[in-house]
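Just so it is clear, none of the values below were taken in a lab; they were calculated from the coordinates. Not measured: the values here are computed from a predicted model. Methodologically, a virtual Cβ is constructed for each residue, glycine included, from the backbone with ideal geometry; neighbour enumeration extends over all protein chains shown.
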Amino acid sequence: MANSKQATSAQTTSVAVADRLKGMLSNQSTILVGVMVLLVAVFGSIEPKFLSAATMNNVLTDWGSVVLLAVGQTLVVISGGIDLSVGAVVGLSGVISAWTMVNVLHLDSTATGSKATGGLLVGLLVSVAVGVSVGLLNAVLINKLKIVPFIATLSTMGAALGFSVIISSGMPIQGPANYELISAMDAKTNPFSWAILGSALVITIVGLFLHKSRFGLYTYAIGSNTFAARAAGISVEKHLTKVYALSGGLAGLAGMYVYLRLGAGSPSSGTGRELDAIAAVVIGGASLMGGIGRLWGTVLGALILFTVQSGLIMIGVAPDWKKVVVAILIAAAVAAQGLQKSNRRS
C-alpha cells in the first residue's frame, strides 16, 4: 500500500515537472532568451571581437532607435492595427527639428555647451510634437474616414516622406550636435550611452502602462474583440486615437535619437525602419491579428534582429543581405506562431 502511494506520488511529481518544462519551452520569452544566448555564443565563437564592448555598443545603438518604433508598433498591433508611417516619421521629425534649430534658433554645427543643449531640447520637443501630429492624423483617417489602418498609414507614410524632401530640399540639415549622448560611456568596458539608457527608461514606462494599467487592458480588449469592447463601454475611437498618437510620439522620439547619431536631420534617415519595427514586434510574439503581444518580447525581438545583422556583417556577410535577413526572420516568426496555434488546437 505504502509502495503504491509512493509510486503514485513520484508519478504525479514527474508529470508536474514535465508540464512545467513544457510550459517553459513554449513560453515566448524563454525561447527568445535562449535564441539570444545561442546567437551570442555562435557569433562570439566565430569572431571573438563580436563580444567586445564596442560591438555591443553598435548593436545597442541600432537597437535604441528601432525599439522605440517597435514599442509604439506593439501597441498598435495589439489593438488590431498597423502603423506603416513610423519610419517616415523618423525622417520628417528629424528634418523639422533640425530646420527649427537652424532657422528659428539660429544654431548650426558649431554650437557647443549650453547653447547646443538648449537647442537639442527644443528639437526634442519639436520632434515628438511632429510624431504625435502624424499619429493624430492617422487616427482621424481611421476613426472618422473609416480607412483601414494599412491604407491610412501608408498614405501618411508617403506624405511624410514627401514633406521631408520638400523641407530639406532632399539634403541633410546639419544642426547642433552632442555626440557624447550617443557614444559609449566607456569604449572598453561600458557599451551603454545616455541615449540608450533614455530609450530603456521610456520602454519601461510604456511597459508599465501596457501591462499594469487600464490603458493596456483596453488595448488588449479592442484588439481581441472590438464589438465586445464597445459593449463593455470602452470608447474604441478615443482609445485608438491615444494608441496612434503614442506610436507617432515614440517615432518622433526615435527621429531625435537618429538626429543625435547623425548630427543632422536627413529625409532618408527612417527609410525601411518600419520594416525593422514590424519584424521586432512579430519576432517578439505579437499577433498581427491583434489582442496578443508582450512588450518584453518586442524588446528581445529587436535585440535579436540587430544581433543577427551585426553578427552576420562581422563574420563576412555583405550588408546588402540585411533586408533579406529581416524578411526571413519575419516569415519564420509568423510561421512559428501558426505552428503554435495548430499545436494548441490539437
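Looking only at residues of segment 137-151 that are buried (at least 16 other Cβ atoms within 10 Å of the Cβ) and under 20 Å from the mean Cα position of the chain (by Cα), we find that the one that is farthest from Ser97 (Cα to Cα) is Pro149. Residues in segment 90-122 that are in contact with a Gly (Cβ under 7 Å, 6 or more places away or on another chain), without any contact (Cβ under 8 Å) to a residue 40 or more places away in the chain and assigned to a helix (DSSP H, G or I): Thr100 only. Among residues of segment 204-247 being loosely packed, with under 14 Cβ neighbours inside 10 Å and among the β-branched types (Val, Ile, Thr), the one that is farthest from Gly64 (Cα to Cα) is Ile205. Residues of segment 186-216 that are touching a helix residue (DSSP H, G or I) at 6+ places or on another chain (Cβ under 8 Å) and not in a helix (DSSP H, G or I): Asp186, Ala187, Lys188, Thr189, Asn190, Pro191, Phe192, Ser193. Checked against (1) over 17 Å from Arg273 (Cβ atoms); (2) crowded, with 23+ Cβ neighbours inside 10 Å, Gln73 passes all but condition (1). Looking at segment 234-316, the helices (runs of 4 or more DSSP H) lying wholly inside it that each contain 3 or more residues that are more than 28 Å from Gly44 (Cα to Cα) and not hydroxyl-bearing (Ser, Thr, Tyr) sit at 236-262.
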